[in-house]
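Everything on this sheet refers to the single structure shown next.
Readers should treat all values here as calculations from the given coordinates under stated rules, not as data from a laboratory. Only a predicted model underlies this, so the values are computations on that prediction, with no experimental measurement involved. We place every Cβ from the backbone using ideal geometry, glycine too, and count neighbours over all the protein chains shown.
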Amino acid sequence: MPEPLLKVAGLNAFYGESHVLHGVDLEVGAGELVTLLGRNGAGKTTTLKSVVGMIADRRGSVAYQGHELIELPSHVIARLGLAFCPEERGIFASLDVGENLMLPPEIAPGGMGLDDIFRLFPNLKERLRSQGTKLSGGEQQMLAIARILRTGARLLLLDEPTEGLAPVIIEQIGACIGELKAKGFTILLVEQNFRFATEVADRFYVMENGRIVDEIGRADLDRRRTDIEAYLGV
Amino acid sequence: MDFFGIPPQALLGQLLLGLINGAFYAMLSLGLAVIFGMLNIINFTHGAQYMMGAFAAYFLLHYLGLGYWWALILAPIGVGAVGVAIERTMLRHLYKLDHLYGLLLTFGLALVVQGLFQNEFGSSGLPYRIPAELQGGQNLGFMFLPNYRAWVVLVSLAVCLATWFLIERTRLGAYLRAATENPALVQAFGINVPRMITLTYGFGVALAAFAGVLAAPIYQVNPLMGSNLIIIVFAVVVIGGMGSIMGAILTGFGLGLIEGLTKVFYPEASSTVIFVIMALVLLVKPAGLFGRTA
């Protein structure tokens, strides 16, 4: 197996006194779409934030293309080619849609052009002058994804992109993620919506109490369905 | 022709004085608003930094022979650099704490700086001449307009509007506004937010020093010039609302004018009118006239 694009080993993370991640190990190969499953509070978001350097107190190893990231500040990590789309979307109220879209600086050549982005998300083009937070929830999610496609980042970390959205919007986001995969983006996805995750992901990790407790390949999905339901408590 | 029994010369003269005071209120409250937006710190050292700008102009002239025009450029750079050092060594440890800690630290710093200058230069003030190019004035028929005062109003308007444009209309400004809302996310996009915070503080301080240079020929160079002004400027900021750029500019000029008018119509209240307005605004709209409630 070739060296994975992202290799996390023995990752621990802390919020002040509370120890949130207890030695997370995971790998994401280039071009792969990997999903982190798990209940609320299992440490999925903290894992993503630790990878991109947004958790100040983190230990262990996070390697991207062989570079160790664990000691780097988040703005340096981003410049290596990682982009994060937060669960709460992080659309800026004091910026209009166009400014939100253009905010993340280009970090490498080969980012998606605005034409491609507007083809994926036609709604955004019509709302460029609106205040960012005046968009609907679905449009805000599209904006949050769209703005990290421009930058030339190759590894996208998406935190619950379908949360709180209507089924028709979820379908649109799913189609978009499929297209991103086809374009060769590598994606680490956190998702509570298991049905959505099964449609797009190649591989799954299950998290519980700050640890990876299981790994499931796409081929084993049907066979392992009852296990997964037990993990997620559905 | 009188307005309510007031000769127009007196009225316009006071309005002009109000406009000049307003220009300083606007420049200083603008710097405070920029700093507060980015650093979450109420910069009580602002008045001392304004005073340092005036002293820098005085030093440049007396020790290096560099006049007013050089001072307008060099004093903000020098005092801004001192600001950068303060941010690097002290303020950055306070961002995660309540506003109160930043206020106390900067207040203490202001007292130290002021004390040092007072010890060295006394309290009587040092003269600083109006540059030759701006001496004299225009007779407008109804009043005499000193050139230097007209210059102060115009240049401060220009600086305020340029700052507004920089923050509200440029890409750099978009970074600043976004980082004000969610610095962690902006940094995760690849922007060096800690450096941006340092430079923002330096810029705000430089703005205060620039105002200090402008003030030197009008008010003399005095260690206490900042402490006299800063209390009013804080009232202006409270009235305008923390964090609004245009709010700081409009409130600064507006309150200067109101103060000038009060001097004409009811001079007894002229030194308190701003604080009365502040109290009223706090009661009716605690976030300030242009402030956003978080």
Surface/4 estimate of mean projected area, convex hull on alpha-carbon atoms of the stretch B:8-284, nm²: 15.6
Can you work out the PRE-style zone for A:R218? Point 7 Å along Cα to Cβ, and I want the residues of the stretch A:31-62 with backbone N under 14 Å. A:31-35
If amide hydrogens are placed 1.01 Å from N in the peptide plane, which non-local residues have theirs closer than 5 Å to the one on A:L5? A:V28, A:G29, A:A30
Over all residues in A:151-158, what is the mean tally of Cβ atoms on other chains that come within 10 Å of each residue's Cβ? 1
Extending each Cα 7 Å along its Cβ direction at B:I258 and B:E120, get the distance between those two points in nm, one decimal. 3.8
Kirkwood Rh, Cα Rg: Rg to Rh for chain A? 0.95
Using only the alpha carbon atoms of the stretch B:72-189, find the Kirkwood hydrodynamic radius as the inverse mean reciprocal pair distance, in angstroms to one decimal. 18.8
Of B:A208, B:A279, B:A23, which is the most mobile in a GNM of chain B whose springs link Cα atoms less than 10 angstrom apart? B:A279
Quick one: length gained pulling B:I231 to B:Y63 fully straight, 0.36 nm per residue minus the C-alpha distance? 57.3 nm
Would you pull out the residues with amide H under 5 Å of B:L289's amide H, same chain only if 5 or more places away, H placed 1.01 Å from N? B:G240, B:G241
The stretch B:233-273: relative contact order from alpha carbon pairs under 8 Å, six or more residues apart, as a whole percent, is 26
Convert each backbone phi in the stretch B:127-138 into a coupling constant with the Karplus relation 6.51 cos²θ - 1.76 cosθ + 1.60 (shift: θ = phi - 60°), then list the ³J(HN,Hα) values in order as whole Hz, x for Gly and Pro. x, 9, 7, 5, x, 3, 5, 10, 6, x, x, 10
Which of A:L33, A:L189, A:L135 ends up with the largest GNM mean-square fluctuation for chain A, with Cα atoms connected below 10 Å? A:L135
For A:R150, the residues 5 or more places away or on another chain with a placed amide H closer than 5 Å to its own amide H are A:M112
State the volume of the convex hull built on the alpha-carbon positions of the stretch B:1-141, expressed per residue in Å³ and rounded to an integer. 165
Could you give the semi-axes, largest first, of the ellipsoid that matches the protein assembly as shown, computed as the square roots of 5 times the alpha carbon gyration tensor eigenvalues and rounded to whole Å? 56, 24, 20
Once you charge only the Cβ atoms, +1 for Lys and Arg and -1 for Asp and Glu, what is the size of the charge dipole of the stretch A:6-232 about its Cα centre, to the nearest 20 debye? 340
Under the Karplus relation 6.51 cos²θ - 1.76 cosθ + 1.60, θ = phi - 60°, what is the ordered set of whole-Hz ³J(HN,Hα) values for the stretch B:181-194, x standing for Gly and Pro? 7, 8, x, 4, 6, 4, 5, 5, 7, x, 9, 6, 5, x
Whole-Hz ³J(HN,Hα) from phi, Karplus 6.51 cos²θ - 1.76 cosθ + 1.60, for the stretch B:115-126, glycine and proline x: x, 4, 5, 5, 4, 7, 10, x, 10, 7, x, 10
Just want to confirm a number: the relative contact order over chain A, from Cα pairs under 8 angstrom separated by 6+ residues, in percent. 28
Here the residues of the stretch B:236-278 lying in the modelled label zone of B:I6, meaning backbone nitrogen under 16 Å from a point 7 Å along Cα-to-Cβ, are B:254-274
